[in-house]
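Some notes on the structure that comes next.
What follows draws every value from the coordinates through simple rules; no lab data is involved. None of these values were measured; they are calculated from a predicted model. Neighbour counts are summed over all protein chains in view; Cβ atoms, including those assigned to glycine, are modelled from backbone coordinates with ideal geometry.
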Amino acid sequence: MSKADAQLLSSDLTAQAALLASGALSSRELVQQQLTAIAASQPVINSYLQVDAEAALAAAAESDRRRGAGMAGPLEGLPVAVKDNIDVAGMITTAGMETRRHDTPAAADNPAVAALRAAGAVIVGKLNMHEAAMGADNDNPFYGACHNPHRPGYTPGGSSGGSGAAVAAGLCSAALGTDTMGSVRIPASYCGVVGLKPSWGALSTRGTVALCRRLDHIGPLTRSARDLGVLLQVMAGFDADCAQSRAIHFAPVQAGPLRIGVVDFGTAAEVAADVQGAFEEGLRVLSGLGHRLQPLPAPQFSSGQARRAGLLMCEAEMLVEHAEAWAGDRGKFSPLLVKLMSWAEGRSAADLAAASQLADRAQVQLQQWLAQCDVLVMPTAPQRAFAFGTPVPASQADLTAYANMAGNPALSVPLPVAAGELPAGMQLVGAIGTEKTLIALAEAFQQATAWQPALPQACNAWWPQ
């Protein structure tokens with residue numbers, strides 16, 4: 001087996017781009033090492049569902065040719081992977097479902113994927129995910145569980161678990177995920193990477209397998225906050241062929257000290273004591289940067305209520321998205337998904353309208369908090385990653401769902417944790433179009449904590465030498 005340079009592949013996208021620009025590294029060399037690491041990781045991590053090595057190497061060679069001709073794009077030669085509910089031309093979009101395993105390959109890229117290619121990125125493959133994106137542990141019954149690189153046997157989060165795991169384990173320079181109630185940010189938190197859910201509509205969702213069109217977003221996962229700016233700039237844009245697309249104006253970075261809103265959740269959210277402790281240490285870092293903490297009142301209803309309303313909205317829309325398969329062999333759906341979709345079949349139109357109204361209340365709640373601060377901060381997930389085979393916490397998306405229901409941008413950045421501890425994340429939420437401020441704050445936070453990207457210690461057990 002070929003070697004893979006752990007220091008190179010664990011460095012962030014910005015550092016890898018600099019090596020490519022300097023001529024110290026070719027895209028073909030980088031992609032070949034990436035493919036070697038992916039192959040070694042699969043029996044342990046299982047983050048990829050599809051890899052097209054031949055096409056990736058051909059794209060890398062073409063990238064090197066463009067660079068040599070002085071035509072390098074902003075992401076030239078960098079390997080990027082895509083969650084398998086997002087269309088990549090020539091590859092089947094399974095959405096982690098048995099019902100789609102033998103579908104016709106996608107004829108065209110999703111617009112965000114097309115933008116990545118146009119900027120020079122090399123698409124290396126499609127990533128594991130929770131079945132139909134309807135869950136947050138990525139224990140996929142048809143394609144195998146995706147494991148947390150920090151501790152195999154534990155969830156990487158979901159539904160974009162393969163995206164979080166691949167980025168954390170150095171198996172791509174960046175990844176795309178989808179986020180309906182936290183499915184980019186929860187894997188980012190559990191895997192110790194950075195995940196951004198942009199403002200609703202900023203990235204076109206045309207060419208995706210929908211879960212809930214009101215709540216669905218596409219977002220990038222990276223090893224550092226500084227990587228996010230170029231990815232967002234490349235992928236964002238209005239798509240006239242997508243009903244959910246919006247022309248988002250990205251405001252410049254807000255200068256000066258920020259008012260950092262901190263909600264007193266009390267009993268309204270079940271945050272584990274160790275996560276709360278790490279979060280409070282993160283607040284001290286933000287205070288040390290000169291920002292002012294602004295206490296905010298508890299929500300007017302429990303966070304779990306909004307999350308449950310979002311679940312009904314997802315379950316109902318799945319009955320439409322997967323109607324043909326649902327009318328056929330239900331043995332191709334997992335028992336859990338059958339249970340969820342069957343439950344939705346028994347709900348009334350009034351039940352769905354009530355769920356939508358509760359989502360509106362969650363949106364208003366977030367707007368009221370943000371009226372009193374510049375950036376809202378909270379733990380990303382109420383807990384850290386948990387072992388497969390143990391009860392799945394119902395509360396995983398309680399704190400992330402607000403931003404989906406309101407359409408506001410939200411970012412998860414890793415909190416400092418002791419050696420050997422599983423990662424935890426801090427969520428930053430801003431007004432629509434304030435992505436640049438969130439990214440700048442996350443980058444300053446990482447600089448203040450002297451954070452450096454590195455492979456999880458557990459990766460040493462399978463890393464190709």
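Once you sort the root eigenvalues of the Cα gyration tensor of the chain as a ≥ b ≥ c, which label holds: rounded (a/c under 1.5), prolate (a/b larger than b/c) or oblate (the other case)? It is rounded, given that a/c, with a ≥ b ≥ c, falls under 1.5. Highest average first, the peptides 172-179, 43-50, 195-202 ordered by how many other beta carbon atoms sit within 10 Å of their residues are 172-179, 195-202, 43-50. Considering only alpha-carbon pairs that sit under 8 angstrom and 6 or more positions apart, the relative contact order computed for the chain is 19 percent. The range 425-465 and the range 268-342 have Cα centres separated by 21 Å. Quick test of the membrane-span-like rule: which DSSP H helices of the chain reach at least 30 Å along their long axis (C-alpha atoms) with mean Kyte hydropathy at least -1.0? In the chain, the long hydrophobic H runs are 349-370.
Across the range 106-203, C-alpha contacts under 8 Å between residues 6 or more apart give a mean separation that, scaled by the residue count, equals a relative contact order of 21 percent. Counting only Cβ charges, +1 for Lys and Arg and -1 for Asp and Glu, the dipole size of the range 1-62 around its Cα centre is about 140 debye. Close Lys pairs in the chain (alpha-carbon distance under 22 Å; sequence gap of 8 or more, or different chains): 6.
Figure the gain on full extension for residue 361 and residue 24 (residue separation times 0.36 nm, minus the Cα-Cα span) and round it to one decimal in nm.
Extra length available between residue 361 and residue 24 comes to 116.0 nm.
Electrostatic bookkeeping for residue 252 treats Lys and Arg as +1 and Asp and Glu as -1; over the other residues with beta carbon under 14 Å from its beta carbon, the sum is -1.
Other residues with beta-carbon under 11 Å from the beta-carbon of residue 167 carry, at +1 per Lys or Arg and -1 per Asp or Glu, a net charge of -1.
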